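Read-outs throughout are calculated quantities, based only on the coordinates presented, and are distinct from any laboratory measurement. None of the values given here were measured: they were computed from a predicted structure. Here the Cβ positions follow ideal geometry from the backbone for every residue, glycine too, while neighbour counts run over all protein chains shown.
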Amino acid sequence: MALFTPPKPDPLPERPGLIRRARLIAHSSLAILQGGSYGTPKVGRMGLPKLPGHRKRWVYQVRDPARVREMLVTRVDAFPKAGLMGWMLRPLTGESIFTTNGEVWRRQRRLVDPALEQARVRDSFSRMRDAAESALTRLRAAASAHGAVAVDDEMTLFAADVIFRTIFSEPIDPAEAKEAVDAFERFQALAYAHGMFGLAGVPEWLMPGTWSRIRAGKRLRRVLKRPLDRRLARIAAGESPPADILTSLMTSRDPDTGSVFAPEELLDQVAMLFLAGHETSASALAWALYLLSEAPDVQARAREEVIATVGTGPIAFEHMKRLDRVRNVFREALRLYPPVTTVVRECVRPEPMGRNEAQPGDPLFITPWVLHRLSDVWSHPDAFDPDRFETAEGREAVRQAYLPFSVGPRVCPGAAFALQEATLMLALILRDFELTRAEEARPPEPVAKLTLRSATGVTVRLKRL
């Protein structure tokens, strides 16, 4: 069976000069990768502009799986999250587990983890399924009207609906969905641009759009605060809250101190869950549908599994563990198009990095996009091959260099949630539709800012079965 090789940015033949580098990276953080980035694991570095009165700073690109494991698993306290990322995200996520370090982060994880444990994933299934059925209704209407469907837009709405139903026990209002998506798109574009300015040492007061970034983050937080305020008001009136993720977050107690989240801390964590569980899931689902549309053999085998497992009736939680092919389609989409293409750390003391020594304040870039495509680790790394997860070679590559949800103590607490959500949605789509290429649409162009999206959208032709 011939394997489909989806698009990726053409690697540069040589390292560009400073001005061209700035132009390329303004478009996408993937645009400055060279061909050698995908070869032998190593640590590279790139110089930053030297500021008057400051030492020369470097960005280190960590492409060595063993070094990555050291940074994220065995010596995690020596490599905290970079202050740059906290500054970029704080207008949206506040002091959440996305931005904090040390004891503050450890306390937050002790409170957040129970809300997203396996039991909660099971409890959330019926609400997830309701969101998926609503998405199917929209997809059927769009397919009947147009044939070609902008699946990135549809999966964005679906993922937002999942967040509202599973956290707040209410579907998202279409007007609120549009407000949330618009605010996040504005925030993402500006936060990424400001991060690049920050790397170059540009003061915040000189960055265009600083207040727009802050306003966009606050606008999205207001959308998320409304259902939180409604819940708090109902509890104050004596109502018993539903058994959902928000209730778990509100009632979770730190086993060490007995403390709970204050209302503002709750909003920070809800905003973090929106960013982690909405945008990333939407991105990966859109890419998965595109990959299926270009790989009819993979699509047919995954559909056979769905029909054999679920039949024509309602999909149940018990079916999920038997949908291995469908799950592997999503895992392969996460490998080829990881929603978070770059993880940024710092070091607390000088650390050897390849042939050099990183200093505190030097950004250390761990790039899942590159790790997932290392030719020394993965067989046919640029090809779409969900079956790789069933081979001994593939399982070893996963162990070495697969981190769509990160690894170690800071692994994404919602990983099981995201896998269930995606497997459910893909299974229902495969049972209802044949997916083919939309010839009239432009091919997707992966660009990486805060998350990985297509600059040209992701459009797929859907035909009812």
Note on the range 112-238: contact order normalised by length, alpha-carbon pairs under 8 Å, 6 or more apart, percent, works out to 21 percent
With no solvent and one point on each alpha carbon, what is the Debye value of log10 I(q)/I(0) for the range 13-165 at q = 0.09, 0.21 Å⁻¹? -0.56, -1.28
Sum of -39500 (n - 2.57) over DSSP H runs of 4+, divided by residues of the chain (222 nm, nearest 500): -15500 deg cm²/dmol
Once label points are set 7 Å from the Cα along Cα→Cβ at both R301 and D130, what is their separation, rounded to one decimal in nm? 3.7 nm
The range 153-236: equivalent-ellipsoid semi-axes (sqrt of 5 x gyration tensor eigenvalues, Cα, Å): 30, 15, 9
Give me Rg over Rh for the chain, both radii from the alpha carbons and Rh done the Kirkwood way, two decimal places. 0.95
Would you mind checking the range 427-451 for residues with the amide N under 17 Å from a putative spin-label position 7 Å along Cα→C-beta of V59? 447-451
Debye, to nearest 20: dipole size of the range 18-464, +1 on Lys, Arg Cβ, -1 on Asp, Glu Cβ: 1200 debye
